[in-house]
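The values are calculated or read from the model by the stated rules, or taken from the named source; none is laboratory data. Fair warning: this is a prediction, and the values are worked out from it, not measured in the lab. Neighbour counts are summed over all protein chains in view; Cβ atoms, including those assigned to glycine, are modelled from backbone coordinates with ideal geometry.
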């Protein structure tokens, strides 16, 4: 079809059309400019105990701040991606951006609006994947980097303009490498020595080698030959596979390491998947002993996922029986045990059987915080004297990944 | 929100005002004096006069563009949004009405390209040169395409020969070391039609962008960098021949080959990363159409689509673990469309039987290897009924789908086979109130069987879930079309969609994805489209989509949030003016209010792209200059994957 218009109509149509489109073009351009109003500074929180929870869910992650006075959320830090952890030096909180983030972000406990600094911990590498920060003093800390053969030594006290002086050195773990990196996943500081836990998974993330603990002198940053390694390695050879966490209990002067075995059923590993357990390490002699074995494929109490030692007579253990076939949620049970005798309690903690448990922490008031992921995430609070859930469930916005507790003094921060 | 309201209000006012002004000014003066050239229609092609849903055909001038990808062109239309991971040749997909790319069916000459082995079609791998026209169906899909999908359908029609033989050679180049060479020939020799086309694209895609060094809260360490490892090399070939036996029957043979080698950039833009993704796709389709066997017309197509891919990341450039993964997919089968045209309407039946196969293997992690087969039957019957005046069209339809899977090396719910059957009804109505105004309404159910990678995993980055249920959805829309003259069209559509058992990928804390039936989504929206073309060279197009796409989840952090990646407001406007040997155009594309994440904590920067261009026609040559993204606005459709900034592209086309 072809149309013929009168000249007047043509002119009119052209005007209308031009006005329409030019107006629309301008309008669209103008309308799209965001008014990205910054989050107002939040510098007026009351003194007291606070929990800072690294959380993730729905493709995002953030640190959420909770007052322990009433267990309510009273602030969130800028959102980022999902793989987060958190550490504290006692006065600030440090957001550890792990896989695909590779950052360390220092935040003031009272100001949720902006960081003190945010630095990459990749250096010349990529996918450094920091897992933990261990503070030696105000000006020295170690960044445990899961995706690298090097642990970074940093000065956490630098300001945002002084990134050049942030990284002060490295510890070399390359001798433990079993496929790209020794997969250092945690560390503890004991008497001037840094004990670094390494999973030593292979390139396909299969637990084909036993875990190791490397020991460094924090004064000289030299590695100590413990005499407990094999194949000439200076560190301490564990007897378990795929260790998940390391903890020091001063009351018993012991280090505890939880080995998970082949918990994820990696088919590259053959044989009995139950090659985990809780091992103890003497921080002076480096002697190692199996405190609590996870058993065998024929007889076991499920895989050991993670443990928390509360006192010489009380520890908690998350055991894992598998993963939900539809939702992939882990199926966990919380049990208590005696860290001195290694005896597992006959009964699991009531209410925390065959459910998903993300992590364990002890709050300043002595309550055990049991992190629960899922559709209604948060913490169950356990009275460690009775092993009973007490109080109300502390709901978080996103699923809890890690927690630190900080005592916030009287606030004097400036706006 | 203020912006949204302002945009909506002002656009509505503009459109309404222009409509009224047009009406006042033209009722007495316009006369129709000519006739439009009708496209050749063969049985099996979509019969738009019997389709009650919403569709748009991409403007033929737009399809000559070589500075953008097919996905970009589709996203100019209302209700369609595109996403691309980088520059030309990088993975590109579209969503229609907030569906995802798996839920948007892409067809080549009426045969579906999506299959169990490749649920999402990479639109950048489809060469524009090989395409004569593109139709987009939103919500409802026409009978001839079969079942369609939850979002809708895109039908690419390959080049056909014309009465006059033509040969075309295109050479072009532009920013980021982009080079393009294309040649095509179309001719008719007696009863034979012959089409041949070849194309080659190379681009370094080394565009510059501001890299945050992974620290968005620290501007001091930002650097301006070139994108690393994003180069693409792509080749395409199309051969098509058809033979006209007589006026009632013809046979078509189509062969299309596309291969692409693509670098896979690392999220942190690491310069030592050399991960790559290579694809080889070929489609062969043989169609015989015959009319007039009694009252029946039929079209029978046999097809085989092969798609091979190789993801090589043995040096862990982008993956947590070494990967050297191969995926070979095949879908082959037959599709029969048959119709009986009666006095009151047309009874049509589309039946398709196909076998889809996927062999997935990894040379590093060989325990993840598997092979699966799926036999799928789809049958859709529809009656397009017209009332006696021909003003009312009603199209009730019923679709039956069945799948029979066989698994080798893996199981699903401990079984090596799986069978599922579904029946889904659809109905549409179109009422012509007068010669310029028509109303339409559609409602229908759709479902999608999980793809193989969703069931069994992919390249170690996605863990499969053998317990997935099919996605299902109900789409409904109601709309008005105002077309006072052939060169002016205004269309408004309100739509709603309710989707359950949506398959989404959730990521754990180490970045491994898990596919789950995450839940339920409800989408409402409004689409406005306005097109006008004057006789003295001006043409304009304005499209606006507003949608409220909500995730209804049991997870409190996600519930009632916007679906990730979907802009609540998307709009596009273009003005072009052609005079003598020149044509100039300007366009703007805006997307606002979207999030990267389901928790809606990571807002995406608003998109505001302006493009301008000039075409110069001289004898048998056309030279085109396009300047895209003149504001140099770096957009990230996927978080951490920037698209190019300002880019120049110059092409010359010689027509013989």
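Quick notes on this one:
- Within the range A:108-117, the set of residues being at the interface with another protein chain (Cβ under 10 Å from one of its Cβ atoms) and farther than 11 Å from residue A:156 by Cα comprises A:114, A:115.
- Any chance residue B:566 is within 10 Å of another protein chain (Cβ to nearest Cβ) and either touching a helix residue (DSSP H, G or I) at 6+ places or on another chain (Cβ under 9 Å) or outside any strand (DSSP E or B) (or both): no
- Summed over the range B:569-588, the residues that are more than 30 Å from residue B:616 (Cβ to Cβ) and within 7 Å of chain A (Cβ to nearest Cβ) give a count of 0.
- Scoring residue B:488 on the criteria (1) more than 10 Å from every other protein chain (Cβ to nearest Cβ); (2) modelled with pLDDT of 85 or more; (3) crowded, with 23+ Cβ neighbours inside 10 Å leaves a single failure, condition (1).
- Any chance residue B:213 is farther than 24 Å from residue B:64 by Cβ, surrounded by 17 or more Cβ atoms within 10 Å (Cβ to Cβ) and within 14 Å of chain A (Cβ to nearest Cβ): yes
- Residue check for residue A:397: within 10 Å of chain B (Cβ to nearest Cβ) and in a loop (DSSP other than H, G, I, E, B): yes
- Listed conditions (1) over 30 Å from residue B:566 (Cα atoms); (2) surrounded by 20 or more Cβ atoms within 10 Å (Cβ to Cβ); (3) within 14 Å of chain A (Cβ to nearest Cβ) are all met by residue B:220, apart from (2).
- Residues located in the range B:315-348, provided they are assigned to a strand (DSSP E or B), within 12 Å of chain A (Cβ to nearest Cβ) and surrounded by 19 or more Cβ atoms within 10 Å (Cβ to Cβ): B:323
- Members of the range A:236-249 found to be surrounded by fewer than 23 Cβ atoms within 10 Å (Cβ to Cβ) and over 23 Å from the mean Cα position of the chain (by Cα), listed by number: A:237, A:239
- Test result for residue A:341, farther than 26 Å from residue A:92 by Cβ and in a loop (DSSP other than H, G, I, E, B): yes
- Summed over the range B:542-563, residues that are at pLDDT 95 or above and either touching a helix residue (DSSP H, G or I) at 6+ places or on another chain (Cβ under 9 Å) or within 8 Å of chain A (Cβ to nearest Cβ) (or both) total 3.
- Residue in the range A:170-182 that is free of Cβ contacts under 8 Å to residues at least 60 places away in the same chain, within 20 Å of residue A:95 (Cβ to Cβ), part of a strand (DSSP E or B) and in contact with a strand residue (DSSP E or B) (Cβ under 9 Å, 6 or more places away or on another chain) present: no
- Residue list for the range B:140-158, filter: modelled with pLDDT under 90 and touching a helix residue (DSSP H, G or I) at 6+ places or on another chain (Cβ under 9 Å): B:149, B:150, B:151
- Only residues that are over 20 Å from the mean Cα position of the chain (by Cα), outside any loop (DSSP other than H, G, I, E, B) and at the interface with chain A (Cβ under 7 Å from one of its Cβ atoms) were counted in the range B:589-605, giving 1.
- Residue within the range A:184-202 that is surrounded by fewer than 22 Cβ atoms within 10 Å (Cβ to Cβ) and closer than 19 Å to residue A:231 by Cβ present: yes
- Residue B:184 fulfils the conditions (1) over 30 Å from residue A:77 (Cα atoms); (2) touching a residue at least 60 places away in the same chain (Cβ under 8 Å) except for a single criterion, (2).
- Residues (surrounded by 17 or more Cβ atoms within 10 Å (Cβ to Cβ) and either over 16 Å from the mean Cα position of the chain (by Cα) or without any contact (Cβ under 8 Å) to a residue 12 or more places away in the chain (or both)) located in the range A:46-58: A:50, A:58
Okay, residues lined up against (1) part of a helix (DSSP H, G or I); (2) within 28 Å of the chain's Cα centre (by Cα); (3) under 20 Å from residue B:445 (Cα atoms):
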{"site": "B:352", "(1), (2), (3)": "no, yes, yes"}
{"site": "B:357", "(1), (2), (3)": "no, yes, no"}
{"site": "B:364", "(1), (2), (3)": "no, no, no"}
{"site": "B:372", "(1), (2), (3)": "no, yes, no"}
{"site": "B:375", "(1), (2), (3)": "no, yes, no"}
{"site": "B:381", "(1), (2), (3)": "no, yes, yes"}
{"site": "B:384", "(1), (2), (3)": "no, yes, yes"}
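- Scanning the range A:304-325 for residues that are within 14 Å of chain B (Cβ to nearest Cβ), touching a strand residue (DSSP E or B) at 6+ places or on another chain (Cβ under 7 Å) and without any contact (Cβ under 8 Å) to a residue 40 or more places away in the chain returns A:322, A:323, A:324.
- Those strands (runs of 3 or more DSSP E) of the range A:63-152 in which at least 1 residues are surrounded by 24 or more Cβ atoms within 10 Å (Cβ to Cβ) and touching a residue at least 12 places away in the same chain (Cβ under 8 Å), considering only elements entirely within it, cover A:84-88, A:92-97, A:103-108, A:117-120, A:130-137, A:140-145.
Here is a yes/no grid of residues against (1) at pLDDT 90 or above; (2) within 30 Å of residue A:164 (Cβ to Cβ); (3) in contact with a strand residue (DSSP E or B) (Cβ under 7 Å, 6 or more places away or on another chain):
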residue	(1), (2), (3)
A:9	no, no, no
A:14	no, no, yes
A:21	no, no, yes
A:66	yes, no, yes
A:73	yes, no, yes
A:94	yes, yes, yes
A:105	yes, yes, yes
A:112	yes, yes, yes
A:119	yes, yes, yes
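- Tally of residues being assigned to a strand (DSSP E or B) and surrounded by fewer than 24 Cβ atoms within 10 Å (Cβ to Cβ) across the range B:83-94: 2
- Looking across the range A:344-378, the residues that are out of contact with any strand residue (DSSP E or B) (no Cβ under 6 Å at 6 or more places or on another chain), part of a loop (DSSP other than H, G, I, E, B) and free of Cβ contacts under 8 Å to residues at least 40 places away in the same chain come down to A:346, A:347, A:350, A:366, A:375, A:376.
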